[in-house]
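Visitor: Questions regarding the structure given below will be posed in turn.
Here, each number is a calculation from the coordinates, and none is a lab measurement. In this text the structure is predicted, and so the values were computed from the model without any measurement. Every residue, glycine as well, gets a Cβ built from its backbone with ideal geometry; the counts of neighbours run over all protein chains shown.
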Amino acid sequence: MKDPIRVAVTGGAGQIAYSLLFRIGNGEVFGPEQPVILQILEIPQAMDALKGVVMELQDSAQPLVHDIIATDDANVAFKDANWAILVGGKPRGPGMVRADLIAANGPIFLDQGKAINDNAADDIRVVVVANPCNSNCLVAASNAPDVPKDRWFAMTRLDENRARAQVADKAGVLSTEVTNVGIWGNHSASQFPNFEEIKVGGKPATEVIDDRGWFEGDFLTTVQDRGKAIIDARGKSSAASAANAALDTIRSLITPTAEGDWFSAAVYSDGNPYGIADGIFYSFPLRSTGNGDWEIVEGLELSDYAKEKAAATQDELLKEREAITDLL
Ligand code: NAX
């Protein structure tokens, strides 16, 4: 059996972690031969609740889980970590606008960025789930100067999966038939799931579903507003599907991407082929070699419509960045 890898998960007593931790322990993402040591971070007030989660992890007796470390010290949680999944953060409170949320989360990600920089393993890779994930990722990455920027990802995979599911449902096919789903920009209502590139059974989705009005209307708004629709229906925000998307993100990064396909995550924009501003975490269609290297898919011909959408979500990210300049 291989040596265990260390996986740090923050927000361990929260609802996403309640699904995520057990699925990591099951070998669903790193494989059935790869033992893991779970290093779970919480705030002091949630340590009792985390104790309960740890008891349940112990009671699952998962063979791949070689140790569980529960702590409220970021330096301990990120010590020698190979992967960090940053799920914990301050939720949006009543009356808070997006700028307030960004400001409230900034200091958390500044501290965690520093702790990752000072403690993590040389091959650390970080997936930021906690919202506003693109800007939180920018704060953390900016405060970890020793960790290359291409190791940081903000999660837009849930949006990708939502878009895939909507198209599969409309076309009456299995979700596996729907490929080339790329989310552009911010994990927010301004995101652009670029339906012009999506394929169904290898054919353009816009030919299979010959209804441009649906794509520009219901499709976009359903994907963009899905998080709110789930809160309205469930009384709580998406958790199982968010954990699922975090695992999908990591799996896509450690597995070679199928020929001609791509997946989505927000990455540090630094001289990209589409003229998107540098210095923000912007979601692009990506391809992975499977050994940790990835690249932005090149050569896509964006229509004027797509360019406008891609620019609008970029502008929102630039505005978010203005709210955190003192943390970068
Ligand atoms: P919960 O409120 O259930 O759990 C969050 C946990 O984080 C709490 O237990 C809290 O004590 C802990 N926490 C707070 N500050 C912390 C810190 N400084 N260090 C460590 N832990 C800390 O939220 P949950 O439903 O699990 O969602 C977690 C985050 O995911 C939220 O920010 C949420 O907005 C975000 N989401 C992101 C999604 C995405 O696609 N990127 C989708 C789902 C989700 O909305």
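Visitor: Which whole number in µm²/s is D for segment 5-154 by Stokes-Einstein, with the Kirkwood Rh taken over Cα pairs at 4 °C and 1.567 mPa s?
Guide: On the way: Rh = 15.3 Å.
Estimated via Stokes-Einstein, D reaches 84 µm²/s.
Visitor: Please name whichever of 171, 47, 109 sits farthest to the positive end of the charge dipole of the chain, dipole taken about the Cα centre and charges placed at Cβ: Lys and Arg +1, Asp and Glu -1.
Guide: The residue sitting most towards the positive pole is 47.
Visitor: Still on this model: Among 178, 97, 128, which comes first, second and so on when ranked by fewest other beta-carbon atoms within 10 Å? Walk me through the intermediate numbers first.
Guide: Working: 178 23, 97 9, 128 32.
Neighbour counts put them in this order, fewest first: 97, 178, 128.
Visitor: Here's something else I'd like to know. Which order do the peptides 237-247, 79-89 come out in when sorted by mean C-beta neighbours inside 10 angstrom, highest first? Show your work: numbers first, answer last.
Guide: Values: 237-247: 19.9, 79-89: 23.7.
The peptides rank, most packed first, as 79-89, 237-247.
Visitor: Please list, short to long, the whole-number percent of alpha-carbon pairs of segment 157-326 in consecutive 5 angstrom bins beginning at zero.
Guide: Values per bin, smallest distances first: 1, 9, 17, 22, 21, 18, 9, 3, 1, 0.
Visitor: Separation between the residue 228 and residue 99 pseudo-spin-labels, each 7 Å from Cα along Cα→Cβ, expressed in nm?
Guide: 1.9 nm
Visitor: Which helices count as membrane-span-like in the chain under these terms: full DSSP H, at least 18 Å along the axis by C-alpha, Kyte-Doolittle mean of 0.5 or more? It would help to have the intermediate numbers written out before the result.
Guide: Details: long enough: 47-60 (20 Å, 0.18); 98-119 (31 Å, -0.19); 157-171 (21 Å, -1.31); 240-254 (21 Å, 0.79); 304-322 (27 Å, -1.47).
The answer, listed by residue number, is 240-254.
Visitor: Next question, about the same structure. About its Cα centre, how strong a charge dipole does segment 157-326 have in debye, to the nearest 20, once Lys and Arg get +1 and Asp and Glu get -1 at the Cβ? Before the final figure, lay out the partial values.
Guide: Numbers: 17 positive and 29 negative charges, 142 e Å.
Roughly 680 debye for segment 157-326.
Visitor: Determine how many Å³ per residue the convex hull of the Cα atoms of segment 28-73 encloses.
Guide: Numbers: hull volume 3.3 nm³, N = 46.
Output value, Cα hull per residue: 72 Å³.
Visitor: Place the peptides 222-235, 277-290 in order of packing, highest mean first, counting for every residue the other Cβ atoms within 10 Å and averaging per peptide. Present the calculation step by step, with values, prior to reporting the outcome.
Guide: Working: 222-235: 14.3, 277-290: 20.2.
Packing order, densest peptide first, comes out as 277-290, 222-235.
Visitor: Right, next: Give me the extension gain from residue 221 to residue 318: residue separation times 0.36 nm, minus the current Cα-Cα distance, reported in nm with one decimal. Display every interim value, and only then the final one.
Guide: On the way: separation 97, 0.36 × 97 = 34.92 nm, distance 2.23 nm.
Stretched fully, the residue 221-residue 318 segment lengthens by 32.7 nm.
Visitor: Count the net charge of all other residues whose Cβ sits under 10 Å from the Cβ of residue 270, scoring Lys and Arg as +1 and Asp and Glu as -1.
Guide: Working: positive: 149; negative: 150, 278.
Net of charged neighbours comes to -1.
Visitor: Rank the residues 305, 274 as a footprinting-exposure proxy: fewest other Cβ atoms within 10 Å of their Cβ go first.
Guide: On the way: 305 13, 274 19.
Ascending Cβ contact count within 10 Å gives the list 305, 274.
Visitor: Something else about it: Round to the nearest 0.05 the FRET efficiency obtained for residue 150 and residue 207 when R0 = 30 Å and r is the Cβ-Cβ distance.
Guide: Numbers: r = 35 Å, r/R0 = 1.17.
The value I calculate is 0.30.
Visitor: In nm, to one decimal, how far is the modelled label at residue 237 from the one at residue 169, with both set 7 Å along Cα→Cβ?
Guide: In this crude spin-label approximation the distance works out to 2.1 nm.
Visitor: Moving on to the next point. Over the chain, consider all pairs of different Cα atoms and compute the Kirkwood hydrodynamic radius from their mean reciprocal separation; express it in Å, one decimal.
Guide: Every distinct Cα pair counted, the radius reaches 20.0 Å.
Visitor: Treat each spin label as a single point 7 Å out from the Cα along the C-beta direction, and report the residue 43 to residue 121 distance in nm.
Guide: Each label point is offset 7 Å from its Cα along the Cβ direction, giving 3.0 nm.
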